[in-house]
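Everything below concerns the one structure shown next.
Please treat every number below as a calculation from the coordinates, not as lab data. Everything numeric in this text was worked out from a predicted model, so none of it was measured. All Cβ positions, even for glycine, are placed from backbone atoms using ideal geometry, and neighbour counts span all protein chains on display.
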Amino acid sequence: MKALSISPRWLRSGHPIVRRYVRQPMPAYLQALLFAMMISVFLMLGGLSIPVLYCLFSLAVLVQVAVSSANKVYQARRSSTWDLVRIAPFSSRELLLSLWTASVRQLSRTWFMMVYRLLHAMTIIGVIVYTLLFTNTHPQQALLILLTGTAMIVVQPFAEMFFCGMVGLAGANRLRDQHNGQGFVVGVVVLYWLGYVGGVLALLMAQQMNLSGEQLVAIFVTPLILPALFGSVALRIAETALR
């Protein structure tokens, strides 16, 4: 009870908006389509590579969060309940964040999220071990790398899902046509994902050079800060569209 009392209202499972949507399962067709696409790409690349599988699962999870968040707005418009939701006794920010929370909670009940979190942890642990064993790091720097790496394991998935969920809500509130909105949202998520994959490759290449401990820590911290910052901008855009 104490943990619930200090958590934001929009993050609680008992929030009316969260409770309304979390009972509904994620669209099965979307999960099947994304899974088929992932397996096809994975087989085309060849080899059983955990980092490759992790990258594909991360794309599938981020697309689902973005599309699910956007669809909640479109579905409410189709059922003529969006105006009623907007006049509920919640601020625009609380309404948007509660819709995002519902999308994340829905996805958390699927096997997609469990596999994604496992692959994410395995990949980050592998990067930490490789960094500590094959780069020149002082004990104090190694401790910072361990701490920031642990933060990545715990926080990064939610920072990325926050960004993608806010992109979905901003797109749905800015673009009235559902197909255009979904296309825009998926495009932004794919561009972000490509940038993240490029960053991972750059990290692997950078580890071949003699980087300082501070530079290595910055590399670990950046994936936490950027999605949170971009997500805040997208949230602001969505809030403005609601006014």
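Backbone N atoms of the range 74-102 closer than 13 Å to the 7 Å Cα→Cβ label point of L242 belong to residues 82-102.
3J(HN,Hα) along the range 52-68, derived from phi through the Karplus expression 6.51 cos²θ - 1.76 cosθ + 1.60 where θ = phi - 60°, amounts to 5, 5, 4, 4, 5, 5, 5, 4, 4, 5, 5, 5, 4, 5, 5, 5, 5 Hz, with x in place of Gly and Pro.
Rg and Dmax of the range 50-242, both derived from C-alpha coordinates alone, stand at 18.5, 61 Å.
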